[in-house]
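The values are calculated or read from the model by the stated rules, or taken from the named source; none is laboratory data. From a predicted model like this one, the values you see are computed outputs, not experimental measurements. Cβ: placed from backbone, ideal geometry, glycine included. Neighbour counts: every protein chain shown.
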Amino acid sequence: MNSMPDKKIFIFDTTLRDGEQVPGCKLNTKEKIELALALEDLGVDIIEAGFPISSPGDFQSVEEICKVIKNATICALSRSVQKDIEVAGEALRKAKSGRIHTGIGTSDFHIKSKFNSNREDILARAIQAVKWARNYTDNVEFYAEDAGRTENDYLARVVEAVIAAGATTVNIPDTTGYCLPSQYGEKIAYLVNNVPNIDKAVISCHCHNDLGLATANSIAGVMNGARQIECTINGLGERAGNTSLEEVVMILKQHHALGYTTSIKTQQLNPLSRLVSDTMRMPVQPNKAIVGSNAFSHSSGIHQDGFLKDALTYEIISPDEVGADGSKIVLTARSGRSALAHRFHKLGYQYTRNDIDVLYAQFLNVADGKKEVNDEDLHALANEYQPVAETV
Ligand code: KIV
Ligand code: ZN
């Protein structure tokens, strides 16, 4: 097992593989290289660069990424198929540090419906795949696809066997996003407690977001002994997506009392989110945690008043810490006097409380007619306004 401090969590980014599988997000080699360099800069430990057997273009992307990346480990995906593993090994030849990620479905859904097979055969194929991969590198990760719906005792047998065969990381994917955080956490704890050689490998969480639980499940995995999280920028990935990198990293940072650390330079999260969104032609939902355009916007009067008195009242993260543009006070019909006074002040107007009372009524008339009141609307209000005579 790796000799890093016990609570260092390895960030395994799969934006270029699971993220790129999203319809419309396909990248060419140049785009993949640009994003790989940005991910390395961000500080991710492992970059899953692609699935080399899937197409000549993806083989080339993985090969070219290996030539330029110096600090992160480059990972290539394969099935438990000899040719896949051979091609992944070939694509990784130039990597400073390369990892083959191989695996097979272990749930009965996969064993019966996908492979028309049985548990013993799948176990043998898993062991064989890891042995083939070890011919190319001693950094081998095994994934037990659909581990989320795999019975724990069988999963533990598979995990023990692949570690004995040479896997140094064992990936426990909740492929269908089925698990509750308590169930996923218990699964990881079960492996920690029931796989005799588990100390020879890093346990990895790979969670999908079909029920919106990918982030919560990954954190539950870590709290029960996993030391690697597989995630993507903006949570991109198959169907409802994967665990979002920015969310898990900021959860671990915010809850530093838990003692977990990552190597991510969090100030780069927003710029990289925008780069990924633009390059993959996939907009980020405005209310997305950490990187959505509304993540630091305050629009209701109660929130704005509290925020203007002390930002910590309504913000647990400073926008600077994640490279966001800054907090925004958005003026709508739900805004209050404090926000209006604040914005007039920023625009250079000096108004008394009485002025603001009068202006606020006029502001509400404008605000009721549109979604957001902008600076031009405020200048117009100010131009028409006759200041209230001060009463003594
Ligand atoms: O979701 C999944 O199970 C995967 C594996 C290929 C790791 O993406
Ligand atoms: Zn996946």
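What the table below lists for this structure:
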| item | result |
| --- | --- |
| Selected residue [more than 16 Å from ligand 2 (Cβ to nearest atom) and in contact with a Pro (Cβ under 9 Å, 6 or more places away or on another chain)] from 201, 220 | 220 |
| Extreme residue, farthest from residue 18 (Cα to Cα), among residues of the stretch 168-194 that are within 16 Å of ligand 1 (Cβ to nearest atom) and of a type in the set (S, T, N, Q) | 168 |
| Qualifying residue in the stretch 173-184 (condition: crowded, with 21+ Cβ neighbours inside 10 Å and either more than 16 Å from ligand 2 (Cβ to nearest atom) or outside the structural domain of residue 39 (by TED's automatic domain parsing) (or both)) | no |
| The lone exception for residue 354 - which of (1) buried (at least 18 other Cβ atoms within 10 Å of the Cβ); (2) farther than 22 Å from residue 294 by Cα it fails | (1) |
| Sole exception among (1) under 15 Å from the mean Cα position of the chain (by Cα); (2) within 16 Å of ligand 2 (Cβ to nearest atom); (3) surrounded by 21 or more Cβ atoms within 10 Å (Cβ to Cβ) for residue 238, by number | (3) |
| Options 364, 340, 359, 378; residue that is under 38 Å from the mean Cα position of the chain (by Cα) and hydrophobic (A, V, I, L, M, F, W, C) | 340 |
| Inter-residue pairs, beta-carbon under 8 Å, first more than 28 Å from residue 13 (Cα to Cα) and in the stretch 101-126, second modelled with pLDDT under 95 and surrounded by 13 or more Cβ atoms within 10 Å (Cβ to Cβ), 6+ apart | none |
| Residue in the stretch 234-243 that is part of a helix (DSSP H, G or I) and in the same structural domain as residue 47 (by TED's automatic domain parsing) present | yes |
| Which listed residue, of 166, 148, is in the same structural domain as residue 75 (by TED's automatic domain parsing), in contact (Cβ under 8 Å) with a residue 12 or more places away in the chain and in contact with a Cys (Cβ under 9 Å, 6 or more places away or on another chain) | 148 |
| Filtered residue count, the stretch 144-159, keeping only those that are crowded, with 19+ Cβ neighbours inside 10 Å, closer than 12 Å to residue 190 by Cβ and among the acidic types (Asp, Glu) | 0 |
| Qualifying positions in the stretch 62-105 - among the polar types (S, T, N, Q) and touching a helix residue (DSSP H, G or I) at 6+ places or on another chain (Cβ under 9 Å) | 71, 78, 80, 82, 102 |
| For residue 69: the one exception among (1) in contact with a His (Cβ under 9 Å, 6 or more places away or on another chain); (2) away from ligand 1 (no atom under 16 Å from the Cβ) | (1) |
| Residue within the stretch 294-315 that is within 16 Å of the chain's Cα centre (by Cα), crowded, with 16+ Cβ neighbours inside 10 Å and within 19 Å of residue 25 (Cα to Cα) present | no |
| Residue within the stretch 137-158 that is among the aromatic types (Phe, Trp, Tyr) and more than 16 Å from ligand 2 (Cβ to nearest atom) present | yes |
| Sole residue being assigned by TED's automatic domain parsing to the domain that holds residue 207 and away from ligand 1 (no atom under 16 Å from the Cβ), chosen from 31, 48, 20 | 31 |
| Residue within the stretch 117-125 that is within 13 Å of ligand 1 (Cβ to nearest atom) and crowded, with 17+ Cβ neighbours inside 10 Å present | no |
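For every residue, the table says whether it meets (1) in contact (Cβ under 8 Å) with a residue 60 or more places away in the chain; (2) surrounded by 22 or more Cβ atoms within 10 Å (Cβ to Cβ); (3) of a type in the set (Val, Ile, Thr); (4) over 24 Å from residue 171 (Cα atoms).
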site: 8; (1), (2), (3), (4): yes, no, no, no
site: 30; (1), (2), (3), (4): no, no, no, yes
site: 38; (1), (2), (3), (4): yes, no, no, yes
site: 47; (1), (2), (3), (4): no, yes, yes, no
site: 60; (1), (2), (3), (4): no, no, no, yes
site: 68; (1), (2), (3), (4): no, no, yes, yes
site: 71; (1), (2), (3), (4): no, no, no, no
